[in-house]
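Inspection log for the structure reproduced underneath, given as structure tokens.
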Amino acid sequence: MSIKGWQYYNHAAIPTTAPHEKVNLEPIKDKTIWNMEGKPLLVRWASEWDCEEESNWWYIICDAPYEREKLSKKSRKNIRKSIENCEVKKIKPLDCANDLWRVFQEAVARYTNYSISIDEETFKNQIVNKKNNEEYWAGYDRVTGQMIGYKICTVYDEWVECTVSKYSSDYLNLRVSDALNDVVLDYYLNICGKKYVSNGSRSVVHDTNVQDYYQEHFKFRKAYCKVNIIYRRGFGLLVKLVYPFRKYITNNKISGLLLMEEYSRN
């Protein structure tokens, strides 16, 4: 069954509301949340959005308006150079599926701290079945005309979430990420009038310096909040038993879940 205000994702029930919006907790209170399609193992949501006190859970966001002139001198220089080298435009992903797949492969080939297993057919099916509110942006080398990076943004009424960013390893020196972020932030915050652009919540699956990059170069900030988790009865007992041994578990998904449990407890 479908539950208003909730969706199934990766064995979990998560809200369809924005991080800053109030979550419908009634399905949790009356336990109908466990009957939703997919039979989630856990329910996760954020509360106390953008609280003044620092917490161990946050979203990385850039508030409107986006003002490039207020970025650091170094960041402005990098953006100008990137725009000289790269052209950024919104694309129709079905028309560029082969290029998107190539960039994806070139990007994940340099990942060393975790693996992504997806074949070409699955990748392209995700494009075919993309959500109506997903928008694709791509960066192209101005010399060769070749796509060298892309970004996927999920657009909501008041905010935008950047869900995927991939850059070709052979063209990192052109800093296409700077051009893509500059154009995307200007478009959604200044032209479309969205309240903020989010680059997601705190990462628990793998180490990354991506959020540091957004904060340092584009004035993203941490919107602190609280992460809440409840588990299906049997699964919750398993988490409770394994939790004391979390530091010895090497599986990324399991250790990530236990780390999130630690954040919710604290």
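The values are calculated or read from the model by the stated rules, or taken from the named source; none is laboratory data. What you see is a predicted model; the values in this text were computed from it and never measured. All Cβ positions, glycine included, derive from the backbone under ideal geometry; neighbour counts span all protein chains shown. Ligands, DNA and RNA are stripped out before the accessible areas are found, and what is left, the full protein with its side chains, is counted by its heavy atoms. Shrake-Rupley method; radii C 1.70, N 1.55, O 1.52, S 1.80 Å.
At a glance:
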quantity: Pairs with Cβ under 6 Å, 6+ apart, first in the stretch 154-175 and at positive phi and surrounded by 14 or more Cβ atoms within 10 Å (Cβ to Cβ), second of a type outside the set (Ser, Thr, Tyr) and not in a loop (DSSP other than H, G, I, E, B); calculated: ARG175/ASN78
quantity: When residues of the stretch 135-147 are limited to those that are touching a strand residue (DSSP E or B) at 6+ places or on another chain (Cβ under 9 Å) and surrounded by fewer than 16 Cβ atoms within 10 Å (Cβ to Cβ), the one nearest to PHE104 (Cα to Cα); calculated: GLN146
quantity: Qualifying residues in the stretch 69-83 (those that are over 13 Å from ASP182 (Cα atoms) and charged (D, E, K, R)) - the one most open to solvent (accessible area, probe 1.4 Å); calculated: LYS73
quantity: Residue that is modelled with the lowest pLDDT, among those in the stretch 187-210 that are part of a helix (DSSP H, G or I) and closer than 22 Å to LYS166 by Cα; calculated: VAL210
quantity: All positions within the stretch 41-61 that are hydrophobic (A, V, I, L, M, F, W, C) and either in contact with a helix residue (DSSP H, G or I) (Cβ under 6 Å, 6 or more places away or on another chain) or part of a loop (DSSP other than H, G, I, E, B) (or both); calculated: LEU41, VAL43, TRP49, CYS51, TRP57, ILE60
quantity: Any chance LYS219 is open to solvent by less than 50 Å² (accessible area, probe 1.4 Å), over 15 Å from the mean Cα position of the chain (by Cα) and more than 30 Å from ASN35 (Cα to Cα); calculated: no
quantity: Test: residue in the stretch 50-68 that is open to solvent by 50 Å² or more (accessible area, probe 1.4 Å) and farther than 30 Å from SER177 by Cβ; calculated: yes
quantity: One residue from TYR243, TYR263, TYR213, TYR224 being closer than 28 Å to VAL23 by Cα, hydroxyl-bearing (Ser, Thr, Tyr), within 19 Å of the chain's Cα centre (by Cα) and assigned to a helix (DSSP H, G or I); calculated: TYR263
quantity: Every pair of residues 6+ apart whose Cβ atoms lie under 8 Å, when the first sits in the stretch 239-252 and is hydrophobic (A, V, I, L, M, F, W, C) while the second is open to solvent by 60 Å² or more (accessible area, probe 1.4 Å); calculated: VAL242/ILE254
quantity: Some residue of the stretch 19-40 being touching a residue at least 40 places away in the same chain (Cβ under 8 Å), surrounded by 15 or more Cβ atoms within 10 Å (Cβ to Cβ) and part of a strand (DSSP E or B); calculated: no
quantity: Candidate set: the stretch 107-127, residues that are surrounded by fewer than 12 Cβ atoms within 10 Å (Cβ to Cβ) and among the aliphatic types (A, V, I, L, M); chosen: the one modelled with the lowest pLDDT; calculated: ILE116
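Every residue, every condition in (1) over 26 Å from TYR59 (Cβ atoms); (2) touching a residue at least 12 places away in the same chain (Cβ under 8 Å), yes or no:
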residue: ASN85; (1), (2): yes, yes
residue: LEU94; (1), (2): yes, yes
residue: ASP99; (1), (2): yes, yes
residue: ASP119; (1), (2): yes, no
residue: LYS124; (1), (2): yes, yes
residue: TYR136; (1), (2): no, yes
residue: GLY139; (1), (2): no, yes
residue: ASP186; (1), (2): no, yes
